[in-house]
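Asker: Structure below; questions to follow.
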Amino acid sequence: MTRLAIVSAMREELAAVLALMADAQQYTVAGREFAVGELHGHEVVVVLSRIGKVAAATTATVLLERFGVSHMLFTGLAGGLATQARVGDVVVATEFLQHDMDASPLFPTYEVPLYGFSNFKTDAALTAELELAAQSVLQRGLLDASTLHAFGMQQAQTHRGLVVSGDRFVASSAESRSLQNALPQALAVEMEGAAVAQVCHDYGVPFAAMRTISDRADDAAHADFLKFVTQVASRYSAAILAQLLRARG
Ligand code: ADE
């Protein structure tokens with residue numbers, strides 16, 4: 001029996017998912033509200049991670065310790081770093097790294113002390129399911145031409161690869177360029193994924209994550225953030241989660 005955690009940093013992103021869970025039981029633990037119920041025939045626990053690595057790690061730990069989740073999925077937004085990660089695209093993470101982890105010279109830059117590595121891989125099977133679901137939804141072309149136009153978007157693409165996390169909203173071209181130079185494999189930047197990946201690694205629980213690119217992590221990165229969440233990202237995540245859960249049977 002699986003019990004899937006669905007985690008996001010922003011309330012607006014989960015609104016469409018929570019609207020489908022009218023009969024969910026609500027629990028408050030550590031100031032977070034957990035909704036336990038059914039979504040498309042599967043037992044799920046839905047919660048906001050809050051923002052930043054520590055907040056996300058706490059949320060993930062409560063999901064594992066108090067709610068006994070067997071799998072964890074994160075859905076959220078990210079700033080695009082690689083040129084191919086354009087606004088409106090979806091990045092499915094294959095691994096996470098903390099771009100602000102640096103215990104050098106004691107440990108190599110980015111390595112998480114005592115783990116012996118810097119990159120935390122997501123679960124291959126769950127990630128493949130998520131990628132398939134994302135591809136199938138994006139191919140269907142969920143958004144109408146006027147929404148695409150309003151956000152300067154083209155037909156959305158799915159990408160897979162490294163996502164980096166840190167306790168900073170990256171909103172300048174200089175910082176974005178310096179991240180790209182230091183970590184040329186990184187597709188996107190956000191503020192929680194690497195923390196959740198590390199907690200799931202510690203507990204041996206499969207983890208997968210998708211991020212819709214909301215901005216290019218540059219000087220224009222704050223523009224229309226909320227509008228983008230409600231009109232684009234929340235629709236993607238609700239449709240992709242539905243597709244993934246239906247495909248699970
Ligand atoms: N989430 C969405 N956009 C982001 C950015 N530019 N930096 C960090 N996290 C983000």
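Since every read-out is calculated from the coordinates, none of them should be taken as a lab result. The structure presented is a predicted model; accordingly, all values stated were derived computationally and were not measured. As a convention, Cβ positions derive from the backbone with ideal geometry for all residues, glycine included, and neighbour counts pool all protein chains shown.
Asker: Within 10 Å of each residue's Cβ, count the other Cβ atoms and sort Arg66, Arg86, Arg160 from fewest upward.
Answerer: Lowest count first: Arg66, Arg86, Arg160.
Asker: Equivalent ellipsoid semi-axes for the stretch 113-249, as square roots of 5 times the alpha carbon gyration tensor eigenvalues: give them largest first, rounded to whole Å.
Answerer: 25, 23, 12
Asker: Counting only DSSP beta bridges with both residues in the stretch 75-247, tell me the antiparallel percent, nearest 5.
Answerer: If we restrict to bridges inside the stretch 75-247, about 30 percent are antiparallel.
Asker: Further question: How would Ile51, Ile213, Ile240 line up from fewest to most surrounding beta-carbon atoms within 10 angstrom?
Answerer: The order, fewest Cβ neighbours first, is Ile51, Ile240, Ile213.
Asker: What is the pair-distance distribution P(r) of the stretch 182-249, computed from all Cα-Cα distances in 10 Å bins starting at 0, with each bin given as a whole percent?
Answerer: Computed distribution, short to long bins: 16, 36, 38, 10, 0.
Asker: Let me ask you something else. Using only helices, what value at 222 nm comes out for the chain when you add -39,500 (n - 2.57) per DSSP H run of length 4 or more and divide by the total residues, to the nearest 500 deg cm²/dmol?
Answerer: -10000 deg cm²/dmol
Asker: With 10 Å bins from zero, work out the P(r) of the stretch 22-90 over every alpha carbon pair and list the percent per bin.
Answerer: Reading upward from the zero bin: 17, 43, 26, 13, 1.
Asker: Can you work out the base-10 log of I(q)/I(0) for the chain at q = 0.16, 0.17 1/Å, using the Debye formula on its C-alpha atoms alone?
Answerer: Log10 of I(q)/I(0), two decimals: -1.16, -1.31.
Asker: Work out how much length Ala128 to Val54 would gain on full extension: take 0.36 nm times their residue separation and subtract the Cα-Cα distance, in nm to one decimal.
Answerer: Stretched fully, the Ala128-Val54 segment lengthens by 23.9 nm.
Asker: Right, next: Using 1/(1 + (r/R0)^6) with R0 = 45 angstrom and r between the beta carbons of Ala19 and Gln185, what's the FRET efficiency to the nearest 0.05?
Answerer: 0.75
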